[in-house]
1. Can you list residues whose amide H is under 5 Å from G45's amide H, if they're 5+ apart or on another chain and H is modeled 1.01 Å from N?
2. Out of the GluC sites (Glu not before Pro) in the range 286-393, which ones are loop residues according to DSSP with at most 13 other C-beta atoms within 10 Å?
3. If the viscosity is 1.002 mPa s and the temperature 20 °C, what translational diffusion coefficient in µm²/s does Stokes-Einstein give for the chain when Rh comes from Kirkwood over Cα pairs?
4. For the charge dipole of the chain, defined by +1 on Lys and Arg C-beta atoms and -1 on Asp and Glu C-beta atoms about the Cα centroid, which residue among L100, Q79, I187 has the Cα displaced farthest towards the positive pole?
5. Nothing charged except the Cβ atoms of Lys and Arg (+1) and of Asp and Glu (-1): what's the magnitude of the dipole of the chain about its Cα centre? Round to the nearest 20 debye.
6. Using +1 at the C-beta of Lys and Arg and -1 at the C-beta of Asp and Glu, which of F149, G45, G173 has the Cα lying farthest in the positive direction of the dipole of the chain?
7. How far apart, in nm, are the 7 Å Cα→Cβ label points at A106 and T338?
8. Considering only C-alpha atoms, what is the centroid distance from the range 267-313 to the range 56-118, in Å?
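Read-outs throughout are calculated quantities, based only on the coordinates presented, and are distinct from any laboratory measurement. Values in this document were obtained by computation on a predicted structure and should not be read as measured data. Cβ atoms come from the backbone with ideal geometry, glycine included; neighbour counts cover every protein chain shown.
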Amino acid sequence: MKKNYLLSMLIKFGIMVTVLVGCGNFNESGAGEDRLTLAFYHADGDLNMRFDDAVAEEIMRLTGVKLEILAPMAGDEAQDIALMISQGEFPDLIYAKGSLDLLIGADAVLPLDERIAEKGHHIKALYGDQLGRLRHTLDNPFIYHVGTFGVNERILETAGTAQIQMDVMRELGYPNLETLAELEEAIKTYLEKNPTINGQETIGLSLLGSDWRWLITVGNPAGFAVGLQDDGEWFINEATGEAIFKYLMPEFRAYFRWLNGMNAQGLLDSESFTHTPDTYFAKISSGRVLAVMDQGWNISETQTALVGDGEAWRTFMPLGVTLTEGIRPCVTRANGYTGGWGVSIASNSKHAEEAFDFLNWMASEEAQILVNWGIEGIHWEYVGGGFAPSYQK
């Protein structure tokens, strides 16, 4: 079986949160005699999370570990992390997201390099030649967390460039839309025939440029449309390593000129840079927005709502449209492991060794199957050479 199971599911809700644990005295063939409870701070968690579903029970059976989940009290991990540092008190395991720098600066989390070298065989096998991307900085080249982003990840969906309502594609005979001009024409043609949807004015293209989602609905789509990968607000020349503020590039000027043209024709939502996220999501949920430049995860609840209302044809399908023909979008390009956020071990944890042993076990094929698929015979079965969902109750 290919060993490409990911640690990316570590920070998910539901059963996926159960993998973020430290471990008591156990080996890979079973749990120790005593159950160990470890405190885990989950920056994306909520106060209602519990460690008590079927996968959690299986992990406890295998490892002898119970997890006490701690979540942000006010939805802001930065304040929580700052409070931990000021009080000098930390949970055993910490998922700090972008506040990891604060913990490192306070010497509050352990560098894991020696442990990985000595006994991190599963971690080394999983990350392979991408292990070095877990290192913090050039000036501080140590590994302070086990990353939760995908390893050997394949990107199969062109989300982030553009998404168009499926009813538009159906009514127009499923045209092959490859450029922004073709997307524009499709929106314009459908809107002229359908000026209202469900009794409300039809919106051609809607963006969310009023908060941080400017990055994923305006800035990033502009880069995708001109053939660049997502390097944040920069263009990185892969041959020279030179970084250029991407909005100074002439290609971006052409993209925003197109966006201005959409606005001039009344095809762009006039509130794209002023409405609140709730208003944006409500518009999409109403089924009257024909296209967005957005990531699927950002609008997933709106799509679920449309399906629940019997409006499946009003949901979106992703497109890989670019500024002109001949430009290939980089959104499905495999760029290797991206580093990112992860799970750290507190420097003052009394169970640091057990916690690391568990994180190493989490990188094993056995643990990754359990976390990503569940329990064999209950959640999945091995059929025809691959995994298949099980319908047993």
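1. Those lying under 5 Å, H to H, from G45: there are none.
2. When the GluC sites (Glu not before Pro) of the range 286-393 are filtered for loop state and at most 13 Cβ neighbours within 10 Å, E325 remain.
3. Numbers: Rh = 23.4 Å.
Translational D for this selection: 92 µm²/s.
4. I187
5. Numbers: 28 positive and 54 negative charges, 136 e Å.
Roughly 660 debye, rounded to the nearest 20.
6. G173
7. Distance between the two pseudo-spin positions: 2.8 nm.
8. Value for the Cα centre distance between the two parts: 35 Å.
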